[in-house]
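Working notes, structure below.
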Amino acid sequence: MIPAMQDREWPQEAELVVCTVENVKDFVAFVSLDEYGGRQGLIPISEIATGWIKYIRDHIREGQKIVCKVLNVDRNRGHIDLSLKDVNEHQRREKIREWKNNSKALKWIGFASEVSGEPKDAITSALTQEYGDLYTAFEDIVLHADTNLKKLGLSRAVLEALVTIARGNVKLPKVTVTGTILWLGGHRLSGDNATTSAGGVVSTMRTVCVAVPVLLLSSRADHVTVVVPSGTRAGAWLPSPGVASQTSAAVACPMLTGVPDGPVHSAVIAGGGVTTGGFV
């Protein structure tokens, strides 16, 4: 990780830096590094753009804000070699945004210093050591002012000034999630209902279907034996009608139990079957 620029006098190789174009010659452009106190750097024509360059001023001009990549740093000679062509559009936009935010944060620190009387360098150093990036520090102050500021080791007057400035200037990004929930069908079984969503999901609902077994009542067949006495013949006829249960029909054939004349004690006739024997 590259240390905070506030703690360094020279850039590091491969670092992206914001520059102001000072002078353009036929084969080289001279720039000043905005984040390093205006130190001078140079961009040879071979690092201006890809391909053959006929007129260098078609690609770069005085007063222009550009983002360059550091190729080499020679502190003894005071030379900083830069490349413009090695920076793509996405890197350029991100670096410019970062640079603008850092410039705002330095200005806010100046306000806090004036209000509290604390030296600007002391505030900058405390925030840099804790957060690394000054603008990130102010974003965190807005979100967690009560919990995170105590570890900075700054006076109460400075902390109050930082909170007031941060809440008045930092606009936290808002994210709106939109999309379409596509129902691709689901078959309800014992367990979870299977669903599939496509797009940004705003909210989800999980439906759990639990199968509760409901068993039928056991079948029951009641046989009622009614004894009908006969006054004109020996024995008695006993008709036994079948009675069905409430959930499943158990149909019993009507039975006649007879006590006829003779040596046999009883006979049971049911559905064409005859059982004889010594039933009492």
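So that you can scan it fast, the table gives a plain yes or no per residue for (1) touching a helix residue (DSSP H, G or I) at 6+ places or on another chain (Cβ under 7 Å); (2) in contact (Cβ under 8 Å) with a residue 60 or more places away in the chain; (3) β-branched (Val, Ile, Thr):
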{"site": "Pro11", "(1), (2), (3)": "yes, yes, no"}
{"site": "Val17", "(1), (2), (3)": "yes, yes, yes"}
{"site": "Asp26", "(1), (2), (3)": "yes, no, no"}
{"site": "Leu33", "(1), (2), (3)": "no, no, no"}
{"site": "Gly37", "(1), (2), (3)": "no, no, no"}
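Determine whether segment 155-171 contains at least one residue that is in a helix (DSSP H, G or I) and within 30 Å of Ala49 (Cβ to Cβ). No, that holds for no residue.
Right, Asp140: buried (at least 17 other Cβ atoms within 10 Å of the Cβ), of a type in the set (Asp, Glu) and not assigned by TED's automatic domain parsing to the domain that holds Lys65 or not? It is true that Asp140 is buried (at least 17 other Cβ atoms within 10 Å of the Cβ), of a type in the set (Asp, Glu) and not assigned by TED's automatic domain parsing to the domain that holds Lys65.
In segment 65-78, what count of residues is obtained for those that are surrounded by 13 or more Cβ atoms within 10 Å (Cβ to Cβ) and either more than 39 Å from the chain's Cα centre (by Cα) or not assigned by TED's automatic domain parsing to the domain that holds Arg39 (or both)? Of the residues in segment 65-78, 2 are surrounded by 13 or more Cβ atoms within 10 Å (Cβ to Cβ) and either more than 39 Å from the chain's Cα centre (by Cα) or not assigned by TED's automatic domain parsing to the domain that holds Arg39 (or both). Pairs meeting the criteria (first residue in segment 78-97 and under 19 Å from Arg57 (Cα atoms), second residue of a type in the set (Ser, Thr, Tyr) and outside any helix (DSSP H, G or I), beta carbons under 7 Å, at least 6 apart or on different chains) are Lys85/Thr50. Being at pLDDT 95 or above, under 30 Å from Thr136 (Cβ atoms) and within 47 Å of the chain's Cα centre (by Cα) is not true of Gln6. Can Ile60 be described as modelled with pLDDT of 95 or more and not in a helix (DSSP H, G or I)? Considered against the rule, which asks whether it is modelled with pLDDT of 95 or more and not in a helix (DSSP H, G or I), Ile60 comes out as yes.
Quick one: would you say Ser46 is assigned to a helix (DSSP H, G or I), among the hydroxyl-bearing types (Ser, Thr, Tyr) and in contact with a Lys or Arg (Cβ under 8 Å, 6 or more places away or on another chain)?
no
Scanning segment 110-125 for residues that are buried (at least 20 other Cβ atoms within 10 Å of the Cβ) and aliphatic (A, V, I, L, M) turns up Ala112, Ile123. Going through (1) free of Cβ contacts under 8 Å to residues at least 60 places away in the same chain; (2) assigned to a helix (DSSP H, G or I); (3) polar (S, T, N, Q) one by one, Asn72 falls short only on (2).
The values are calculated or read from the model by the stated rules, or taken from the named source; none is laboratory data. Keep in mind that what you see is a predicted model, and the values were worked out from it rather than measured. Every residue, glycine as well, gets a Cβ built from its backbone with ideal geometry; the counts of neighbours run over all protein chains shown.
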